[in-house]
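Notes follow once the structure below has been shown.
Please treat every number below as a calculation from the coordinates, not as lab data. Note that the coordinates shown come from a computational prediction; the quantities given were computed from them, not determined experimentally. Don't worry about glycine lacking a Cβ; one is built from the backbone with ideal geometry, like all the others, and counts go over all protein chains shown.
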Amino acid sequence: MSQVYGRVALIGLGLIASSMFWAMRRTGLATEVTGYSRSQETRDTATRIGLCDRICDTAAEAVEGADLVVLAVPVGAMGDVAAEIAPMLKPGATVTDVGSVKRHVIEAVGPHVPDGVHFVPGHPLAGTEHSGPESGFAELFDNRWTLLVPPEGTDPAAIDRLRALWEGMGALVDEMDADHHDLVLAVTSHAPHLIAYTMVGVADDLRRVTDTEVIKYSAAGFRDFTRIAASDPTMWRDVFLTNKDATLEILGRFTEELFALQRAIRTGDGGHLHDYFTRTRAIRRGVIEAGQDTDAPDFGRGRAKT
Ligand SMILES: NC(=O)c1ccc[n+]([C@@H]2O[C@H](COP(=O)([O-])OP(=O)(O)OC[C@H]3O[C@@H](n4cnc5c(N)ncnc54)[C@H](O)[C@@H]3O)[C@@H](O)[C@H]2O)c1
Ligand SMILES: O=C(O)C(=O)C[C@]1(C(=O)O)C=C[C@@H](O)C=C1
C-alpha cells in the first residue's frame, strides 16, 4: 500500500490516534503526520516515544496545511476542537473523526467545517480498555470494521480516499447512516459497557464478597467485565451523554429481558432459560464465523480480507 495523503494531523493523542499513527507508518500511508493533544504531559510523552513526525503546541499549528485532519478526542470535546481549528483548515482538505457516537459529532462538528472542506465522520470498531499515547499499536485495526458515516452530498472522492486510508491501516470499511450507527453501537458496545460497569460496581458494593475474593476467584466472565469496566471514564461518560436515546432504548429492552429471566429462575422455568441460552449461543457462533473475535481459537476461519 502506498501513500494516500500528504500531511495528516492527529488531534488528541490517545489510543486511537496513536494506533493510527503506527498503522499509517507501517505501510507509508502519509508523508508527514503532525500531532496535538491538550495536555503538555501527553505532548511530551508523544515526543519521547516518537509518536508523529512533529508534535505541535496548538491544534491550529497541527492542522495547518494538512490534507486530512483526524479528531480523536472524547466525543464531548469534538465541537470545541472543530471550532478551534476551523479557520486554519486548508481548502480541499478532509476532516474526519473517530468518535464512538455519530449523530452528535455530525451536529457538533458539521457547522464549523468551512465550505470547500470535506467532512467524512468515521468510527473504527476496535479498541482496548487502555488509553493515552503509549497504548496504541499498529495492528489495532487489522481485520476490524471501520464505519464511515458521510452526511448526504459528501464528495464521493473524499469518501473513497478515506476508505483507502482505513483499508491501508488493515480495516474492513462500510458506510452507514448516523442514526442507524448509533442504534447498532448502543446494542453492540454502549449498553454492554454500561452493564459491565454496573456488574463490577455491584461486586464492589456486595460486602459479603470481599474484594480479595472477587480478585482471587475472578472467573473468566467476570474478568472480562472488569477489563471493560477499566475503560476511560471521560470517553464513556461522553458516549452515554451523547447517545442517550438509543442507549436508553436498548437498556429498556435489556431490563425487560432481565426481568423475564429473573422470573424464569424464580418459577423454575428451565425451558425458558434453555431456549434463551440456545438462541444466544447461536449469536456467539455467528460472531466467530464472521471473524470478529480475535481471541477465539478458530479466528480466521471466517470472512477472508480482500
Ligand atoms: N478506546 C476505544 O476503544 C475507542 C474505540 C473506537 C473509538 N473511540 C473513540 O475515539 C476517540 C478517542 O478515544 P481514545 O480511546 O483514543 O481516547 P484516549 O483517552 O486514549 O485519548 C484521548 C486524547 O484526547 C485528548 N484530549 C481530550 N480533550 C482534548 C481537547 N479538547 N483537545 C485536544 N486533545 C484533547 C486527551 O488528552 C487524550 O490524549 C473518542 O471519541 C472515542 O469515543 C475509542
Ligand atoms: O475492545 C474493547 O475494549 C472495546 O471496548 C472496543 C470498543 C467496543 O465496544 O467494541 C469500544 C468502543 C468503541 O467505540 C469501539 C470499540
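A few points about this structure:
- Counting charges near PRO91 (Lys, Arg +1; Asp, Glu -1) among other residues having Cβ under 15 Å from its Cβ returns a value of -2.
- GNM on the chain, alpha-carbon springs under 10 angstrom: the most fluctuating residue among PHE119, PHE222, PHE141 is PHE222.
- Compared with the rule-of-thumb size 2.2 N^0.38 Å for a compact globular protein, the chain has a Cα radius of gyration ratio of 1.08.
- Put in line by how crowded their Cβ is, counting other Cβ atoms within 10 Å and starting with the fewest, ILE11, ILE49, ILE55 read ILE49, ILE55, ILE11.
- Extension gain, GLU175 to THR27: 0.36 nm times the residue separation minus the Cα-Cα distance gives 50.9 nm.
- Computed about the Cα centre, the dipole magnitude for region 180-268 is approximately 360 debye when only Lys and Arg (+1) and Asp and Glu (-1) carry charge, each at its Cβ.
- FRET efficiency, ALA219 to ASP53 (Cβ-Cβ, R0 45 Å, nearest 0.05): 0.50
- Theoretical FRET efficiency, 1/(1+(r/R0)^6), r = Cβ-Cβ of GLN262 and GLU129, R0 35 Å, to 0.05: 0.75
- Across ILE159, ILE288, ILE85, mean-square fluctuation computed from a Gaussian network of the chain (C-alpha pairs under 10 Å connected) peaks at ILE288.
- Tensor-based shape of region 180-268 (alpha-carbon gyration tensor, a/c under 1.5 rounded, otherwise prolate or oblate): oblate
- Along the chain, longest interval not containing exposed trypsin sites (Lys or Arg not before Pro), exposed being DSSP loop plus at most 13 other Cβ atoms within 10 Å: 1-206
- Computed [θ] at 222 nm, deg cm²/dmol, the chain (DSSP H ≥ 4; -39,500 (n - 2.57); rounded to nearest 500): -15000 deg cm²/dmol
- Here ASP269 and GLN3 are evaluated by their C-beta separation; at R0 = 51 Å the FRET efficiency comes out at 0.25.
- Comparing VAL105, ILE11, GLY252 along the charge dipole axis of the chain, the residue lying farthest to the positive side is GLY252, per the Cβ-charge model.
- Contact order, relative form, for region 5-176: 25 percent (alpha carbon pairs under 8 Å, 6 or more residues apart, mean separation divided by residue count).
- Cα gyration tensor category, rounded, prolate or oblate, for region 5-176 with a/c compared to 1.5: rounded
- Dipole check for the chain: with +1 at the C-beta of Lys and Arg, -1 at the C-beta of Asp and Glu, and the Cα centre as origin, the magnitude is about 880 Debye.
- Mean separation of Cα contacts under 8 Å (6+ apart) over length of the chain, as relative contact order %: 16 percent
- Only Lys, Arg, Asp and Glu carry charge here, each on its Cβ (+1 for the first two, -1 for the last two); on that basis region 5-176 has a dipole of about 220 debye about its Cα centre.
- Fluctuation leader among GLY291, GLY271, GLY14 - the chain, Gaussian network, Cα springs under 10 angstrom: GLY271
- Spacing of the modelled spin labels on VAL287 and PHE254, each 7 Å from Cα toward Cβ, amounts to 1.3 nm.
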